[in-house]
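The structure under discussion appears below in the form of structure tokens.
The values are calculated or read from the model by the stated rules, or taken from the named source; none is laboratory data. Predicted model, so just to flag it, every value in this text is computed and none were measured. Because the Cβ atoms are built from the backbone with ideal geometry, glycine has one as well, and the counts that use them run over all protein chains shown. The area values use the complete protein model at the heavy-atom level, side chains included, leaving out ligands, DNA and RNA. Shrake-Rupley method; radii C 1.70, N 1.55, O 1.52, S 1.80 Å.
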Amino acid sequence: MIQSLILSTLMFGAMFSVLTVSLNLQYARGGMINFGTVAYFAAGAYAYAIFTQEPPSGLDQYAFGFDLPWWVGFLAAGLAAMLFALVTGWPTLRLRGEYLALTTFAFAEVFHSILLNERRIGNGSVGMANVERPDPASIGLDDTLGYTLAACALMLLTAWLFHRLLASPYGRLVDATRDDEIAAESVGKDTARVRLQIFVISAIPIGFAGALYAMITTLVAPALFTAEVTFFVWIALALGGERTIPGAILGTLALVFFQELVRAIPFETVRGAQIAASAEEVITGILFILVLRWQPWDRLSRKAGS
Amino acid sequence: MTDTILKLDGVVKEFAGFRAVGGPGGLSFGVRRGGFLGLIGPNGAGKSTTFNLISGVMPPTMGRVTLDGTDISALPTAGIAALGLGRTFQTPRAFGSLSVIDNVMVGLAHPEESPLAALLGRWKSAEKQLIGRAEAALERVGLIQRRHDSVSNLSGGELRMLEVARQLVREPRILLLDEPTAGVDPALQGKLSEILAGLHAAGTTLVVVEHNLGFLMSLADSVVVLQNGALLAEGTPDDIRRDPAVIAAYLGADHEA
Ligand SMILES: Nc1ncnc2c1ncn2[C@@H]1O[C@H](COP(=O)(O)OP(=O)(O)OP(=O)(O)O)[C@@H](O)[C@H]1O
Ligand SMILES: [Mg+2]
């Protein structure tokens with residue numbers, strides 16, 4: 001029981017950390033507030049499912065199924081998220097602050113409702129079940145362990161690449177663009193381009209994470225990709241102290257651990273489980289308020305600094 | 001015929017109907033290549049706004065700005081900067097999260113400043129070559145000892161010099177400075193005056209807005225006076241000092257030439 005708690009925390013924690021780390025790049029470094037995170041995640045998951053599933057038959061309402069190997073679907077997921085970021089970022093990135101937040105949120109809601117209503121994409125609200133996935137047994141691992149390792153690998157690779165991206169002259173330009181766009185423009189830097197690049201680059205791992213999520217759950221359905229995912233990732237980022245990559249990861253792991261803990265409690269009745277689910281939300285909210293109020297990470301780093 | 005590098009033709013800027021620059025007929029004047037133009041006038045005359053129009057920080061409502069024959073009125077700030085125009089701001093701008101040296105490094109056109117170069121890690125040698133230029137610029141403005149400091153530790157005058165260094169390192173063909181001596185101590189003003197004289201001697205075109213006329217008039221070879229957004233007078237420093245209209249509007253009656 002303890003072991004399965006740790007494994008599922010690591011599996012979902014690492015997978016959602018990919019989202020938090022990407023959001024950290026967009027927000028803490030790029031200065032862009034994206035409240036549509038779930039849409040890039042969904043784009044990845046749906047792209048993966050569409051590229052790997054068999055062509056429609058029988059009761060299927062979806063129009064495309066390419067029956068390609070998993071790795072093609074995985075690459076398609078990154079590409080889909082990237083294209084979606086290009087299409088949504090290009091017209092919106094001249095907006096600032098809360099305006100950008102609202103527009104990205106609206107894009108995600110529109111995307112969600114298209115997935116829900118356009119059945120030819122993915123069977124509408126029913127979604128696509130039995131998503132194909134590689135079998136970890138082929139390399140001698142059981143399913144949970146295999147996908148936990150895959151999630152950790154994706155998280156570490158994303159963190160390493162983003163660290164490398166930012167610890168460079170380009171990272172300096174990203175910081176300069178966020179700090180003072182007019183000053184950066186005045187020395188000839190194309191800040192609109194930098195912002196779009198960061199927006200698009202950070203969407204790619206989110207798409208990969210979406211593919212991984214589809215493999216883990218073997219289901220893609222609109223109900224899995226609601227604004228709740230976006231807010232979950234934002235809360236994790238705030239919990240982790242939003243400045244550093246390790247902070248973003250720790251915040252996500254802590255939040256996922258807490259949720260998995262509540263879910264691991266065995267309940268005798270449906271009523272008990274319902275109460276626990278509500279309690280979980282309330283406690284998450286209280287935790288969030290406490291962290292924002294007391295800023296423990298800031299205090300810790302100040303202590304470490306002095 | 002003199003060689004004009006920068007030219008304003010009937011330029012007008014209105015804010016919600018209020019004409020900040022232009023006056024009745026639009027603002028027109030030229031800057032001679034290699035010249036040192038002083039731009040003066042009372043508070044609110046439109047000097048900083050004129051800089052904003054030239055550098056593309058805001059578009060003119062009407063009229064045309066040409067740099068070396070190219071119409072730049074509709075170009076974005078970065079495009080104009082890339083043509084070799086540099087400028088500083090009346091309120092100094094700094095990249096608050098970066099160190100002093102990195103603030104200057106951002107000024108350079110870095111050949112390896114791309115996501116790909118970052119991921120491939122192939123920027124280190126280019127960086128090593130450029131850092132010497134940034135340090136030389138900091139040396140010139142007297143900030144070399146502070147190079148690893150955070151800019152949040154700099155004083156107002158130091159921030160102003162940092163902004164000058166960020167432009168110096170780019171070696172612009174034409175440099176616009178908005179009140180470079182404001183809040184800068186006398187010793188540093190002397191240094192600044194040397195730097196500007198050096199740039200002038202090397203052929204850089206300079207346009208300087210300044211209320212410190214002792215500083216400006218000793219350096220400038222021509223002066224444009226603005227009042228209420230319109231051109232009040234234009235001439236050599238000596239002409240301007242004696243111009244009765246300028247004395248009445250800006251210099252004051254008890255002004256000593
Ligand atoms: N962004 C803006 N929006 C509205 N009005 C503005 C704006 N910028 C400048 N103005 C107005 O335009 C006029 C000229 O301002 P500007 O800053 O160019 O003057 P200045 O000559 O630089 O004055 P100072 O010597 O005080 O720096 C002022 O009346 C100012 O209030
Ligand atoms: Mg001004």
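Here is how the numbers come out for the structure above:
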quantity: Single residue of region B:84-97 satisfying the filter (open to solvent by 40 Å² or more (accessible area, probe 1.4 Å) and facing chain A (nearest Cβ under 9 Å)) that is nearest to the chain's Cα centre (by Cα); calculated: B:93
quantity: Qualifying residues in region A:167-179 (those that are more than 7 Å from chain B (Cβ to nearest Cβ) and out of contact with any helix residue (DSSP H, G or I) (no Cβ under 6 Å at 6 or more places or on another chain)) - the one surrounded by the fewest Cβ atoms within 10 Å (Cβ to Cβ); calculated: A:167
quantity: Verdict on residue B:62 being within 16 Å of ligand 2 (Cβ to nearest atom) and farther than 30 Å from residue B:252 by Cα; calculated: no
quantity: Only one of B:104, B:164, B:141 that is more than 9 Å from chain A (Cβ to nearest Cβ) and within 27 Å of residue A:196 (Cα to Cα); calculated: B:104
quantity: Tally, over region B:78-104, of residues that are in a loop (DSSP other than H, G, I, E, B) and away from ligand 2 (no atom under 16 Å from the Cβ); calculated: 7
quantity: Positions within region B:52-73 being open to solvent by less than 30 Å² (accessible area, probe 1.4 Å) and within 8 Å of ligand 1 (Cβ to nearest atom), in sequence order; calculated: B:52
quantity: Filtered residues of region B:143-201 (kept if within 26 Å of residue B:3 (Cβ to Cβ) and within 16 Å of ligand 2 (Cβ to nearest atom)); calculated: B:176, B:177, B:178, B:180
quantity: Filter result for residue B:211 (within 14 Å of ligand 1 (Cβ to nearest atom) and open to solvent by 60 Å² or more (accessible area, probe 1.4 Å)); calculated: yes
quantity: Selected residue [within 15 Å of ligand 1 (Cβ to nearest atom), open to solvent by 10 Å² or more (accessible area, probe 1.4 Å) and within 21 Å of residue B:203 (Cα to Cα)] from B:18, B:29; calculated: B:29
quantity: Meets criteria (over 13 Å from the mean Cα position of the chain (by Cα), closer than 30 Å to residue B:111 by Cα and either crowded, with 23+ Cβ neighbours inside 10 Å or within 14 Å of chain A (Cβ to nearest Cβ) (or both)) for residue B:176; calculated: no
quantity: Test result for residue A:286, at pLDDT 80 or above and open to solvent by less than 40 Å² (accessible area, probe 1.4 Å); calculated: no
quantity: Qualifying strands (runs of 3 or more DSSP E) (wholly inside region B:183-243; at least 1 residues being modelled with pLDDT of 95 or more, farther than 22 Å from residue B:19 by Cα and of a type in the set (A, V, I, L, M)); calculated: B:205-209, B:222-227
quantity: Region A:180-193, subset assigned to a helix (DSSP H, G or I) and open to solvent by 10 Å² or more (accessible area, probe 1.4 Å), residue nearest to the other protein chains (Cβ to nearest Cβ); calculated: A:185
quantity: Among the residues listed as A:263, A:243, the single one being farther than 20 Å from residue A:154 by Cα, charged (D, E, K, R), open to solvent by 20 Å² or more (accessible area, probe 1.4 Å) and not in a helix (DSSP H, G or I); calculated: A:243
quantity: Residue B:116, sole failed condition from (1) within 7 Å of another protein chain (Cβ to nearest Cβ); (2) more than 23 Å from residue B:178 (Cα to Cα); calculated: (1)
quantity: The one condition in (1) open to solvent by 70 Å² or more (accessible area, probe 1.4 Å); (2) within 14 Å of another protein chain (Cβ to nearest Cβ); (3) touching a residue at least 40 places away in the same chain (Cβ under 8 Å) that residue A:160 fails to fulfil; calculated: (3)
quantity: In region B:224-244, residue least open to solvent (accessible area, probe 1.4 Å) [restricted to those that are free of Cβ contacts under 8 Å to residues at least 60 places away in the same chain and of a type outside the set (A, V, I, L, M, F, W, C)]; calculated: B:235
quantity: Boolean, residue B:100 is open to solvent by less than 10 Å² (accessible area, probe 1.4 Å), closer than 25 Å to residue B:36 by Cα and among the hydrophobic types (A, V, I, L, M, F, W, C); calculated: no
quantity: Test: residue in region B:127-135 that is more than 9 Å from every other protein chain (Cβ to nearest Cβ) and of a type in the set (A, V, I, L, M); calculated: yes
quantity: Hits in region A:216-236 - residues which are crowded, with 24+ Cβ neighbours inside 10 Å and either part of a helix (DSSP H, G or I) or touching a His at 6+ places or on another chain (Cβ under 6 Å) (or both); calculated: A:233, A:236
